[in-house]
Amino acid sequence: MPVSQRSQSRVFPFAAIVGQEEMKLALLLNVIDPRIGGVMIMGDRGTGKSTTIRALADLLPGIEVVAGDPYNSAPDDPDLQSSEVRQRLDHGETLPVEQRQVPMVDLPLGATEDRLCGTIDIEKALSEGVRAFEPGLLAKANRGLLYVDEVNLLDDHLVDVLLDSAASGWNTVEREGVSVRHPARFVLIGSGNPEEGELRPQLLDRFGMSVEVRTVRDPELRVQVVDQRTRFDADPDGFASEVAEQQATIAARVVEARERLGSVQLDPDLRIRISAVCGELDVDGLRGDIVTNRAARALAALEGRSEVQESDVARVVACCLRHRLRKDPLEQIDSGDRVVKVFCKVFEQAEPEDMEAFQLALAS
């Protein structure tokens, strides 16, 4: 069951968010399969990026953790346990368990490496012989979401640390010969405005998916967004009650998709054609192939199917590959449109005349 107590924090419901279907889908797929590698969301200011991410955390079901553990250690999964918890289990101790909401951690722009990774009290470690470790934000984010707004303005070194931890699932802090290692498995979500600078290509490539969000131009949709926000601000609890059934349905689909994911099959022919798309686009490395495969499987699981279809690949391929393309400053075509054109060529589908309409049709 979702942790409904979060309604007290007045989070706008995920089910009530209008538009931005590509962003919402990318976020859902990453919580179904965190191995996809996170989401980079680039777009205009005021397009609901932060609102949607916080709504996602509020949507997710609670997790069981070892009571009092600062790393949100799982009671029954060694890969998600701190060394202290494993030692207690090795000594035969029965650990108390409690239910917690999925952690949602914001990384402020001014954060230091110590704030992110944690600090070791060297003096205490040397004088008392104990590992005096103060956990950082990576520890708090374990088994949850780590959100970095304006990630393109974050120091590159910190971005490297984030991406390394997100990829390995562990955070290691070493100071003066003292080393501490703890689990740090989280869905990394970055957002930013391209007008304020872009990430280096080699860093951008390590985000599993990339989404471009734009300001809604349709007048009726804009009015709908404004009306919903006004109603929510006036009566958060009443508004949440109106969409509670839809919210519960989405949450249940996510839980079922996680359970189904391991049994979803991806036909060898589809895998070959996915790799053909990556080759045709001159995508460096194999991350694009791997992420597209994982995202397509997660989407099939979300849709309640045990086998990936071409339409699943069509819906995720642009998000998985657009940020991995080599940029040509003289080329006018949007990178997502380039991906769609090559997809249509490899999958022998008619190329759409209106790319935006094509994406909207896939999302509906």
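So the values come out like this:
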{"item": "Residue-span extension gain [residue 217 to residue 83] - 0.36 nm each, minus C-alpha spacing", "result": "43.1 nm"}
{"item": "Helical mean residue ellipticity (222 nm; -39500 (n - 2.57) per DSSP H run of 4+; nearest 500) of the chain", "result": "-13500 deg cm²/dmol"}
{"item": "For residue 296, net neighbour charge (Lys/Arg +1, Asp/Glu -1) across residues whose Cβ lies under 12 Å away", "result": "-1"}
{"item": "Reachable lysines, given that their alpha-carbon falls under 17 Å from the alpha-carbon of residue 49 and they are not under 8 places away in the same chain", "result": "24"}
{"item": "Rounded to whole Å, sorted largest first: equivalent-ellipsoid semi-axes of the chain, Cα gyration tensor", "result": "35, 25, 21"}
{"item": "Size of segment 188-309 as Cα extents on the principal axes (Å, biggest first)", "result": "51, 40, 26"}
{"item": "DSSP-defined beta bridges in the chain - what % are antiparallel, rounded to 5", "result": "40"}
{"item": "Sequence ranges 246-256, 285-295, ranked by mean other-Cβ count within 10 angstrom, highest first", "result": "285-295, 246-256"}
{"item": "Aspartates and glutamates whose Cα lies under 18 Å from that of residue 327, excluding same-chain neighbours fewer than 8 positions away", "result": "195, 196, 198, 205, 212, 280, 282, 284, 337"}
{"item": "Relative contact order of the chain, defined on C-alpha pairs under 8 angstrom at six or more residues apart (%)", "result": "21"}
{"item": "Relative pair counts by distance (%), Cα atoms of segment 173-230, 10 Å bins", "result": "14, 26, 26, 22, 7, 5, 0"}
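Bear in mind these aren't lab numbers, they're just calculated from the coordinates by the rules spelled out. Please read these numbers as outputs of a predicted model, since none were measured by experiment. Here Cβ is always computed from backbone atoms with ideal geometry, including for glycine, and neighbour counts include all displayed protein chains.
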